[in-house]
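Scroll down for the structure; my scribbles are underneath it.
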Amino acid sequence: MQLLLSNRREVPIPRELFGLFFEDINYAADGGLYAEMIENRSFEFFDCGGDRGDYYAVPDYGYAWSPLPGRQAGKMEYVTGSPVAPKNPHYLRFTASCSGQGFFNRAYRGIFLEKGKQYRVSFYARMASFSGDLSVSVQKEGRIFAQAQVRGIHAPEGTWQKWNRYETVLTAKEDAKNAVFAIVLDGPGTVEFDFVSMMPQDALAGIFRRDLVELLKELKPGFLRFPGGCIVEGNTLENRYRWKESVGRPEGRRANFNRWALHETSAQNGWHSPYSHYNQTLGLGFYEYFLLCELIGASPLPVLNVGLACQFQSFELVETDDPAFGEFVQDALDLVEFANGTPDTFWGGVRARMGHPAPFGLTMVGIGNEQWQTQESDFFGRYEAFEKAIHEKYPEIRLIGSAGPDVTTGRHTMAWEFYRKKAGEKKNFCYAVDEHYYMEPEWFFAHTDFYDRYPRDVKVFSGEYAAHPQKGMNNPKANSLEGALAEAAFLTGVERNSDVVVLASYAPLFARDGYTQWSPDLIWFDEKSAYGTPSYWVQKLYAQNRGDWTLALSGQEKALAQEGIYVSASLDETTGEAILKIVNRNPQKKRLEIKTEDRNGQNAVPERTVRIQELAGQPEDYNCIHEPGRVKVKERTQEFDGGIDLPAHSFLVARIRLF
């Protein structure tokens, strides 16, 4: 097999091409990227159940909290009356009958501490009828791993006992696993507690779990889509993600149950999933999202609700002629002001008071998620209403439309007919259309030419894709090398067609081991560690080896695909290197002979060395918490002898200096 590699440039590759999509699925935010270690810190959780058109949430304010065991346990009541923040009205009223009684939080599967590290603890307390002090600790079966004393603040007798905020730092004396967080009273009495928090001191910006952010940074993302996904829509409109409730003081952000708490409910499980207590504190809200974009160098791409609950999961909607529909449109305008407005605007002022006077530089907004046109939904009419309002005030904002949940049905065709017709009538009507496809690996191998014949008038956002060799909850095996190679092959076609595909992101991004509703996923983690899947390594290789221009292959890629070899070529203008991305899906080693030509079409002699990054193994290989590096990239430099050896079941990137 042979490849003629020329210096003929074809299309520029956008800086933003390879990005990320973050949705709070698989405990990706609370319990994941948001570094908060306490579960149900504000005593507002719900237990959720139901089916399409009949969802419900039952208050379970004491979820994850219990009295410390002993001969006598303290009394725990979840009450309201004088809350810290009216948006989260419930709090714990704890009564101890003697010294040493207290309560604990189980914190998902338990708290993990690393010896010598520090953890910032804060909480609100009101000494209703208590004159002593408190201690906070991380413990397990009576063994103390970290502890601090907290002196109580007491009002003079006969005056109102107000809420006070307490802070302390815990230092781990030794490693701890599956421990609990506890607060203990040193005497009898009643104390009320709210908004109990424990954060690692090394959390980035005091917000984000450091190891997970580092994994994101290594992907060099061009953009970050947020907050969803189905989260944007909600199972019900009441359950939808309201960005305005996710900004301001964290204490004032109204807790919400998570749409993914209801994933795969059925008659067999009593319409009640194993994750029925999956909730959102919104501690990682839109302000934190914009900060995260800055931290990892990604352009923000927020997605907004268009007055439709999830069309798969719900019948709820707000009609476009209902005055309430205006709230959804106004939310879009106000979000742009929050991100880009000066501090003397209302929402720009909110951002400035949160600590970021400078604008965040928002340039793109997604209108709806995975929506499609029906007589009832009138998604096209909704898009037009948003487009008109946004572009009248902010003509520079690039809008992302939706082509629905798939690329194989009439709703996908209908969407493209709509966008192309409107694009011919109005400039800047739609920057890119969001396409989603979760398919078996064979589909990705068979469709590397998917975008070859797409018209170039409206761009494509490949917003959610993943190869699915397997599916299911809590299934790390679903992230096999076979799926990753299929994605790598498909991305050769995305890169070759980057004049029409301008944005692309794998989904979902995160999965917490033991708390996963959807497999496969890009990054898996538990309370202690995190790792990248084979698909992660594919994304990393593409992002870190994004060229500036595609190089002409003149149809050679189609002939090679018939042999199970998939290829793209690009030029790095800074280094002068040609970048080859090559997938060999065959069970045998292959060799690809490389012929090169210079700017004048003459044979060129490349440098004697080739830099190669390689991902290879057996199709069923996968990484896991206990073996996170089974499938990973290996790097080498070798003498160039006129060709490249391709291991069986492999993806490699070769950098060759030609000119």
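Length gained on full extension, Arg143 to Gln556, computed as 0.36 nm times the residue gap minus the Cα-Cα distance: 142.1 nm. Counting only Cβ charges, +1 for Lys and Arg and -1 for Asp and Glu, the dipole size of the range 46-200 around its Cα centre is about 360 debye.
Extension gain, Glu294 to Met414, is 39.5 nm, computed as 0.36 nm per intervening residue step minus the present C-alpha separation. The dipole here belongs to the range 213-339: it is taken about the Cα centre, uses +1 on the Cβ of Lys and Arg and -1 on the Cβ of Asp and Glu, and is about 440 debye.
Mind checking which lysines have their C-alpha under 20 Å from Lys217, skipping anything on the same chain fewer than 8 residues away? Straight-distance partners of Lys217: Lys528, Lys540, Lys632, Lys634. Centre-to-centre, using Cα atoms only, the range 321-350 and the range 213-273 are separated by 21 Å. When the charge dipole of the range 1-138 is built from unit charges on Cβ atoms (+1 for Lys and Arg, -1 for Asp and Glu) and taken about the Cα centre, the candidate among Val136, Thr95, Asn26 whose Cα reaches farthest toward its positive end is Val136. A protection proxy built from the mean count of other Cβ atoms within 10 Å ranks the segments 180-186, 488-494, most packed first, as 488-494, 180-186. Would you please state which residues of the range 342-386 a label at Asp406 would reach in this model, taking the label point 7 Å out along Cα→Cβ and a backbone N cut-off of under 16 Å? Backbone N within reach: 370-374. Rounded to the nearest 20 debye, the dipole size of the chain about its Cα centre is 1400 debye, using +1 on the Cβ of Lys and Arg and -1 on the Cβ of Asp and Glu. Placing a label point 7 Å from the Cα of Glu597 along the Cα-to-Cβ direction, the residues of the range 1-35 whose backbone N falls under 12 Å from that point are 4-9. Spacing of the modelled spin labels on Arg608 and Gln118, each 7 Å from Cα toward Cβ, amounts to 5.5 nm.
Farthest towards the positive end of the charge dipole of the range 46-200, among the residues Thr190, Phe112, Gly53, is the Cα of Phe112, using unit charges on the Cβ of Lys, Arg, Asp and Glu.
Taking the C-alpha atoms only, the angle from helix 481-496 to the longest principal axis of the chain is near 60 degrees.
Kindly rank 104-110, 632-638 from highest to lowest mean number of other beta carbons found within 10 Å of each residue.
Descending packing order for the listed peptides: 104-110, 632-638.
Can you order the peptides 625-631, 505-511, 240-246, 560-566 by their average number of other Cβ atoms within 10 Å per residue, highest first?
Sorting 625-631, 505-511, 240-246, 560-566 by mean packing, highest first, produces 505-511, 240-246, 560-566, 625-631.
Applying the criteria of a DSSP loop state and at most 16 other Cβ atoms within 10 Å to the trypsin sites (Lys or Arg not before Pro) of the range 469-575 yields Lys471, Lys528.
By the beta-carbon count within 10 Å of each Cβ, the least crowded to most crowded order of Lys217, Lys459, fewest first, is Lys217, Lys459. Taking 24 Å as the straight-line reach from the Cα of Lys388, the lysines in range (excluding those fewer than 8 positions away in the same chain) are Lys244, Lys421, Lys422, Lys426, Lys427, Lys459. Determine the calculated [θ] at 222 nm for the chain from helices alone, applying -39500 (n - 2.57) to every DSSP H run no shorter than 4 residues and normalising by the residue count; nearest 500 deg cm²/dmol. Only helices count here, giving -5500 deg cm²/dmol. If R0 equals 51 Å, the separation of the Cβ atoms of Asp322 and Arg210 corresponds to a calculated FRET efficiency of about 0.65. With a simple spin-label model that places each label point 7 Å from the Cα along the Cα-to-Cβ direction, the separation between Glu563 and Lys427 comes to 4.7 nm. Note on Cys98 and Arg630: the model spin-label points, each 7 Å out from Cα along the C-beta direction, lie 5.3 nm apart. Once C-alpha pairs closer than 8 Å and six or more residues apart are averaged by separation and normalised to the residue number of the chain, the relative contact order reads 15 percent. Taking 0.36 nm per residue of separation and subtracting the current Cα-Cα distance, fully stretching the chain between Arg71 and Thr637 would add 197.0 nm.
Read the figures in this text as sums done on the coordinates, not as results from a lab. All figures in this text were calculated on a predicted structure; none of them were measured in a lab. Heads up, the Cβs are rebuilt from the backbone with ideal geometry, glycines too, and the neighbour counts pull from every protein chain shown.
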